[in-house]
Structure formats: C-alpha cells, structure tokens
1. Could you pull out the residue among 80, 40 that is on the phi > 0 side of the Ramachandran plot and either in contact with a Leu (Cβ under 6 Å, 6 or more places away or on another chain) or of a type in the set (D, E, K, R) (or both)?
2. Can you find even one residue in the stretch 40-54 that is at pLDDT 90 or above and not in a helix (DSSP H, G or I)?
3. Among the residues of the stretch 7-24, is any surrounded by fewer than 11 Cβ atoms within 10 Å (Cβ to Cβ) and at pLDDT below 75?
4. Hey, can you tell me all the residues within the stretch 120-151 that are among the hydrophobic types (A, V, I, L, M, F, W, C) and either over 16 Å from the mean Cα position of the chain (by Cα) or over 17 Å from residue 54 (Cβ atoms) (or both)?
5. Just wondering, is there one or more residues in the stretch 109-122 that are at pLDDT 95 or above, in contact with a helix residue (DSSP H, G or I) (Cβ under 6 Å, 6 or more places away or on another chain), surrounded by 15 or more Cβ atoms within 10 Å (Cβ to Cβ) and not aromatic (Phe, Trp, Tyr)?
6. Condition first: free of Cβ contacts under 8 Å to residues at least 60 places away in the same chain, over 14 Å from the mean Cα position of the chain (by Cα) and assigned to a helix (DSSP H, G or I). Now tell me which residues in the stretch 72-111 satisfy that.
7. Report yes if residue 38 is aliphatic (A, V, I, L, M) and either within 20 Å of residue 4 (Cα to Cα) or touching a residue at least 12 places away in the same chain (Cβ under 8 Å) (or both), otherwise no.
8. Among the residues of the stretch 27-70, count how many are closer than 15 Å to residue 92 by Cβ, among the aliphatic types (A, V, I, L, M) and under 14 Å from the mean Cα position of the chain (by Cα).
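The values are calculated or read from the model by the stated rules, or taken from the named source; none is laboratory data. What you see is a predicted model, and the numbers here were worked out from it, not measured in a lab. Quick reminder, even Gly has a Cβ in these numbers, built from the backbone with ideal geometry, and neighbours come from all protein chains shown.
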Amino acid sequence: MIREYNPATDMQQVLELSKRLTDFDFPDRIDVDFLSNVQRENLSADLEDSPMQSVIFVAEEGDALLGFVQLQIEKDWISRQRHAHLERLAVARGAEGKGVAKELMARAEKWVRANNFPMITLNCFTTNKRAIGFYEHLGFEAETVKMAKQL
C-alpha cells in the first residue's frame, strides 16, 4: 500500500531505508561513507522540519516500510516554472524487483498531476545504471550531464 508519510510512525524506518541511496558504484572521487552520512543528515533535517515544499510517500506491507519517495517543489532554471523534483527514491533490498519503486513513482506522478505541476525532474549519478534504466523506462530523458575533472 502507498500512503503519505507519517512522521510519528515512519521516521526511523525512512532513515534506515535512506542507506539504500548510496548502494551502487560511485565515481572514484566520491567518498561513499561521507555521501551516505550527508544523505542521512539532509533527509533527517527534511523529516524533522517537514518543509512545506516537500511531500513524501511510503510503501508499506504490514508494519514494514518497503520504500519511500520524496518530492520537493523547485523552480526550473531554464523555464522558471515551478515543478516537482524527485529528491529521493529508496526501496528495501528485499523489495527490489517487485514493483515497489514503480508504485511509488506512480503515486508521486499522481500527486504532481493533481497539483498541476508540468514536470518531474531528478538527478542521478551516471554510474547508477539500474536507476537510469528504471527512470528511462518511466519516460524520463537526460537533459544535462554534470562533468567533473579531479585536479
């Protein structure tokens, strides 16, 4: 079942699921442990502050959360239109391949349409091939690529 995040009951499980956000191969210059801590700190701040420009949906089965998706409202730097930005999507390892991410994204898209936003954007590491394939399957297309040169 997909439902809206409840801070009173979901916070700890969502924070635990956030470990999955760094569970793939990163470019060599990225310190995965550091990034994992930053992800957890940023998510924790979002969960505690409940930003008005953010919504989180969770997938649950019984008492267990199987995944979550977080959207934030941003302004596109090209069109200047307000839109939904996919900030985070995480699925428990045991729930991978069972349609949980697809259900979460369908619920997120339903919310975006209901709130009359014209698009959803997201950022994804180029090394996260599984996520890129998933997003492309859902109709997302790459628009920009951040490039880096370690000096």
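1. On the way: 40 fails: on the phi > 0 side of the Ramachandran plot.
Among 80, 40, only 80 is on the phi > 0 side of the Ramachandran plot and either in contact with a Leu (Cβ under 6 Å, 6 or more places away or on another chain) or of a type in the set (D, E, K, R) (or both).
2. no
3. Scanning the stretch 7-24, I find no residue that is surrounded by fewer than 11 Cβ atoms within 10 Å (Cβ to Cβ) and at pLDDT below 75, so the answer is no.
4. Of everything in the stretch 120-151, those that are among the hydrophobic types (A, V, I, L, M, F, W, C) and either over 16 Å from the mean Cα position of the chain (by Cα) or over 17 Å from residue 54 (Cβ atoms) (or both) turn out to be 124, 125, 131, 132, 134, 138, 140, 142, 145, 147, 148, 151.
5. Yes, that holds for at least one residue.
6. Residues satisfying the conditions are 94, 95, 110, 111.
7. No.
8. Of the residues in that region, 4 qualify.
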